[in-house]
Structure formats: C-alpha cells, structure tokens
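Participant: Below: one structure in structure tokens.
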Amino acid sequence: MKVNVCIGSSCHLKGSYNVIQAFQQLIEENSLHDKVDFKATFCAKQCQNKGVTVSIDGEKYNVLPEEAREFFKSKVIPNI
Ligand code: FES
C-alpha cells in the first residue's frame, strides 16, 4: 500500500511533520514496514483544502495532525 504525505509549504504549515510522525509511529508499532510504502511528496495541488494532503494508493485525503492516528487506523491498517 502506498501512503504519501505532502510536505509542500502549505501542508508543512498545516502540520505535515506531525502527520508523518504519527504515521511512522503506527508503522513501527504495528510492524508494517514491509506492507506500507511510505513517502513524503511535494505539493499535491490540494493546498486549498483544510488539513494535510495524504494520498493512499492514489486516493487523496485531507488530514489534520490531531486526527492522523485515527485516520491511519481506520483507512490504512484495515486495508492492508
Ligand atoms: S502543499 Fe500540500 S497540497 Fe500543496
């Protein structure tokens, strides 16, 4: 499963660093290194949306840093 988090300047200001931290922690906790292809990407052209742009297998979502753990648990883990 491909998980990309935008680290363009707009998403950076909205907390992409915290989203990345939360995802990495969950990958660690659940030993998902082999299953999740996790990358940071540059501006995904969704800056106008609220939250950080995250794409999962090409599908785009907007994630607030405080929702990052929940998001990963509901959208990534069950679909692996
Ligand atoms: S900076 Fe993330 S979508 Fe533009």
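We did not get these values from a lab; they are worked out from the coordinates using the rules stated. Keep in mind that this is a model prediction, so the values were computed, not measured. Positions of Cβ are generated from backbone atoms using ideal geometry, with glycine treated the same way; all protein chains shown enter the neighbour counts.
Participant: Pairing rule first: another cysteine's C-beta must sit under 4.7 Å. Under that rule, which cysteines of the chain stay single?
Facilitator: CYS43, CYS47
Participant: While we're on this one: With an 8 Å Cα cut-off and a minimum separation of 6 or more residues, compute the relative contact order for the chain in percent.
Facilitator: Normalised by residue count, the contact order of the chain is 41 percent.
Participant: Still on this structure: With θ taken as phi - 60° and the coefficients 6.51, -1.76 and 1.60, list the Karplus ³J(HN,Hα) couplings across the stretch 66-80 in order, rounded to whole Hz; mark glycine and proline as x.
Facilitator: 6, 9, 4, 5, 4, 4, 4, 5, 8, 9, 9, 3, x, 9, 6
Participant: Here's a follow-up. If one computes the Cα centroid of the stretch 61-80 and of the stretch 18-48, what distance in Å separates the two points?
Facilitator: For the stretch 61-80 versus the stretch 18-48, the Cα centre distance is 10 Å.
Participant: Can I ask one more? Report the net charge of residues surrounding LYS14, where surrounding means a beta-carbon distance below 14 angstrom and charges are Lys +1, Arg +1, Asp -1, Glu -1.
Facilitator: -1
Participant: Bin width 10 Å, alpha-carbon pairs only: give the P(r) of the chain as whole percents, running from 0 to the bin holding the largest distance.
Facilitator: 21, 58, 20, 1
Participant: To the nearest 20 debye, what is the magnitude of the charge dipole of the chain about its Cα centre, counting +1 on the Cβ of each Lys and Arg and -1 on the Cβ of each Asp and Glu?
Facilitator: With Lys and Arg at +1 and Asp and Glu at -1, about 300 debye.
Participant: Count the DSSP beta bridges whose two residues both fall in the chain, then state the antiparallel fraction as a percent rounded to the nearest 5.
Facilitator: The antiparallel fraction comes to roughly 60 percent.
Participant: Based on DSSP H runs of at least 4 residues, each adding -39500 (n - 2.57), what is the mean residue ellipticity at 222 nm of the chain after dividing by all its residues, to the nearest 500 deg cm²/dmol?
Facilitator: Estimated from H runs of four or more residues: -7500 deg cm²/dmol.
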